[in-house]
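Asker: I have a structure I would like to understand better, so I am pasting it below and will then ask my questions one at a time.
The values are calculated or read from the model by the stated rules, or taken from the named source; none is laboratory data. From a predicted model like this one, the values you see are computed outputs, not experimental measurements. Note that we place each Cβ from the backbone using ideal geometry, even for glycine, and neighbour counts take in every protein chain shown.
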Amino acid sequence: MTRPDRPFGTEFRAILAIAGPMGLSQFAQMLMGLTDNVLLGGIGAQALAVGGLATGTFFTLNAILAAMIEAGGILLAQARGREDHASLGGIMTSMLVVAGVLCVPELFCLYHVDRLLAWLGEPMAIRAPVTDFVHILMWAAPPALMGQGILSTALPVMGAQGILMRVMPCIMVANGILNAALIHGWLGLPALGLHGSAIATVLTLWCMPIALLWLAGRRPELRHGLCPRAHDWGHTLALLRTGLPMLASAMAEVTLFQTNSLEAATLGSNALAAFQIMLGIGMQSFTLYIALGQACNIRVGYWTGQENPAMIRRAAGAGMVLGLVLGGAATLLLALGRHAIIGFYLDTALPENAQAIQIALGVLLVGAAIQLPDAIQAIATGVLRGQGDTTIPMVVAVAGYWGIGFPAGLYLAFHHGTGAWGLWCGNGIGLACVSVLLCARILWRLRRRQAAG
């Protein structure tokens, strides 16, 4: 039996109430990496390069694997929608089991990171310190996946996303202080330089889930709902069926941009600098889009559990409206503020930066044009995942990014001589194709559900 429909405005506000704190908490987490890089830059360019490559490798791999854990959020939301509170603890247990298993390949890959760097052609002068740094960071894999990965997924489903917003800024500040103290020997701690930054990051990532658990444990409804119960293979198999396609989708998107970064490096330092400026900006805007997509995931999953097609449509519509507003604002900001944004990265008064600035102006204009499809595909993915539809979106992502976007970018960049601008055009073509196909998939599912109801 379905519950009465809620007004569109109410669902609109419900999505914002989830997406706001999630976006702020994820943005705070991104600032942790920026803080680490700034502090390492104080040691020297070599330390910055080593630390940036090491932490980028760790967090990229962690983000890909965490995509599977996010499937547990879909199961939790659907269980809450159908008021199956007895299943919540069993789903949490399955999330812990899967996260624990995922730690094994992550630790294996991080331990053998030297082989990956050698395959990529990195010189020994970079490989050795990066490997040492990663071998320290790898001890943060268990809390990152089994702690933060699970809690950051489960708490918003339970309506406790405010806990993330309270903890993440504090963790960000603590990470900066601890990094500075262990790098430079402040507060009576030893000056460990580059290794001090790695140790500080590990300690911070262990403290994060402890703080989240402490605050969650103070609320009886969270203690009861999120407390693990006896393992149920049915929940675990459902999580794997939903999560494996999500992992593949995340890998397809992340590796596309990482591979294009390597392609940009072959075009020279000026093209690479312009590409990296847009990549950094794109990651920040995507953090907001993905938070909005996860909020839609939760709301659509809840109404799917209640078997309420009307509210599924309203949740999807509210998410799309928010995505259009946010993506449109980002488009205007990038298009109109290109010169000011580039000025934050490069000194426009230096003649040697002129070529990089000229390339970046064109790249940011392309980046502005792809904000809307980027926002729409993130939200459409969340809407489909909330309904348990992850396999078709995976096929769309792989085909769109690698079957269309990547070859289009290579063709424009190297056969038409458009360089970094062409690579970003390829990214945009891939995003546009994915967003159109995912929206078509949503309309097809909604019409099919309506006809069946």
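Asker: Given the options Gly403, Gly422, Gly417, name the one that is assigned by TED's automatic domain parsing to the domain that holds Gln276, more than 18 Å from the chain's Cα centre (by Cα) and at positive phi.
Answerer: Values: Gly403 fails: at positive phi; Gly422 fails: at positive phi.
Gly417 is the lone residue from the list that is assigned by TED's automatic domain parsing to the domain that holds Gln276, more than 18 Å from the chain's Cα centre (by Cα) and at positive phi.
Asker: Could I ask something else about it? From the list Ala128, Ala144, which residue is surrounded by fewer than 16 Cβ atoms within 10 Å (Cβ to Cβ), aliphatic (A, V, I, L, M) and over 19 Å from Thr236 (Cβ atoms)?
Answerer: Ala128
Asker: Out of (1) touching a residue at least 60 places away in the same chain (Cβ under 8 Å); (2) closer than 25 Å to Leu333 by Cβ; (3) of a type outside the set (Ser, Thr, Tyr), what's the single condition that is false for Gly386?
Answerer: (2)
Asker: Let me ask something additional. Just one of Met146, Met172, Met138 is part of a helix (DSSP H, G or I) and over 22 Å from Asp36 (Cβ atoms); which is it?
Answerer: Values: Met172 fails: over 22 Å from Asp36 (Cβ atoms); Met138 fails: over 22 Å from Asp36 (Cβ atoms).
That would be Met146, the only listed residue that is part of a helix (DSSP H, G or I) and over 22 Å from Asp36 (Cβ atoms).
Asker: Okay, moving on. For segment 99-123, what are the residues that are β-branched (Val, Ile, Thr) and more than 17 Å from Gln258 (Cα to Cα)?
Answerer: The first filter runs over segment 99-123 and keeps only residues β-branched (Val, Ile, Thr), leaving 101, 104, 113.
Passing the criteria: Val101, Val104.
Asker: Collect the residues in segment 318-338 that are crowded, with 16+ Cβ neighbours inside 10 Å and closer than 19 Å to Thr381 by Cβ, keeping them in residue-number order.
Answerer: To start, the set of residues in segment 318-338 that are crowded, with 16+ Cβ neighbours inside 10 Å comprises 318-320, 322-323, 326-327, 330-331, 333-334, 338.
Answer for segment 318-338, where residues must be crowded, with 16+ Cβ neighbours inside 10 Å and closer than 19 Å to Thr381 by Cβ: Ala318, Gly319, Met320, Leu322, Gly323, Leu326, Gly327, Ala330.
Asker: Pull up segment 102-117, narrow it to residues that are surrounded by fewer than 14 Cβ atoms within 10 Å (Cβ to Cβ) and in a helix (DSSP H, G or I), then point me to the one that is modelled with the lowest pLDDT. Write out each step before concluding.
Answerer: Of the residues in segment 102-117, the ones surrounded by fewer than 14 Cβ atoms within 10 Å (Cβ to Cβ) are 104-105, 108, 111-112, 115.
Subset that is in a helix (DSSP H, G or I): 104-105, 108, 111, 115.
Values: Val104: 95, Pro105: 94, Phe108: 95, Tyr111: 94, Arg115: 88.
The selected residue is Arg115.
Asker: Another one. For the list (1) farther than 19 Å from Met246 by Cα; (2) surrounded by fewer than 16 Cβ atoms within 10 Å (Cβ to Cβ), I need the number of the one condition that Val134 fails.
Answerer: That leaves (2) as the condition not met.
Asker: What residue, among those in segment 219-243 that are among the small types (Gly, Ala, Ser) and assigned to a helix (DSSP H, G or I), is surrounded by the fewest Cβ atoms within 10 Å (Cβ to Cβ)?
Answerer: Going through segment 219-243, the residues among the small types (Gly, Ala, Ser) turn out to be 225, 230, 234, 238, 243.
Subset that is assigned to a helix (DSSP H, G or I): 225, 234, 238, 243.
Numbers: Gly225: 22, Gly234: 11, Ala238: 19, Gly243: 26.
Among those that are among the small types (Gly, Ala, Ser) and assigned to a helix (DSSP H, G or I), it is Gly234.
Asker: So which of Gln377, Gln371, Gln358, Gln387 ends up being more than 30 Å from Gly243 (Cβ to Cβ) and either under 19 Å from the mean Cα position of the chain (by Cα) or among the polar types (S, T, N, Q) (or both)?
Answerer: Details: Gln377 fails: more than 30 Å from Gly243 (Cβ to Cβ); Gln371 fails: more than 30 Å from Gly243 (Cβ to Cβ); Gln387 fails: more than 30 Å from Gly243 (Cβ to Cβ).
Checking each option against the conditions leaves just Gln358.
Asker: Only one of Ala211, Ala271, Ala216, Ala181 is in contact with a Cys (Cβ under 9 Å, 6 or more places away or on another chain), assigned to a helix (DSSP H, G or I) and either modelled with pLDDT of 85 or more or not aromatic (Phe, Trp, Tyr) (or both); which?
Answerer: Working: Ala271 fails: in contact with a Cys (Cβ under 9 Å, 6 or more places away or on another chain); Ala216 fails: in contact with a Cys (Cβ under 9 Å, 6 or more places away or on another chain); Ala181 fails: in contact with a Cys (Cβ under 9 Å, 6 or more places away or on another chain).
Testing whether each residue is in contact with a Cys (Cβ under 9 Å, 6 or more places away or on another chain), assigned to a helix (DSSP H, G or I) and either modelled with pLDDT of 85 or more or not aromatic (Phe, Trp, Tyr) (or both) leaves just Ala211.
Asker: Report those helices (runs of 4 or more DSSP H) wholly inside segment 332-410 carrying at least 3 residues which are among the small types (Gly, Ala, Ser). It would help to see each step written out before you state the result.
Answerer: Numbers: elements: 338-345, 354-369, 371-386, 391-398, 406-410.
Where helices (runs of 4 or more DSSP H) fall fully within segment 332-410 and carry at least 3 residues being among the small types (Gly, Ala, Ser), they are 354-369, 371-386.
Asker: Checking Leu145 against (1) at pLDDT below 90; (2) closer than 25 Å to Ala291 by Cα, which test does it fail?
Answerer: All conditions are met except number (1).
Asker: If you check Thr201, Thr153, which single one turns out to be farther than 18 Å from Ala99 by Cβ, within 19 Å of the chain's Cα centre (by Cα) and buried (at least 16 other Cβ atoms within 10 Å of the Cβ)?
Answerer: On the way: Thr153 fails: farther than 18 Å from Ala99 by Cβ.
Matching residue, one of Thr201, Thr153: Thr201.
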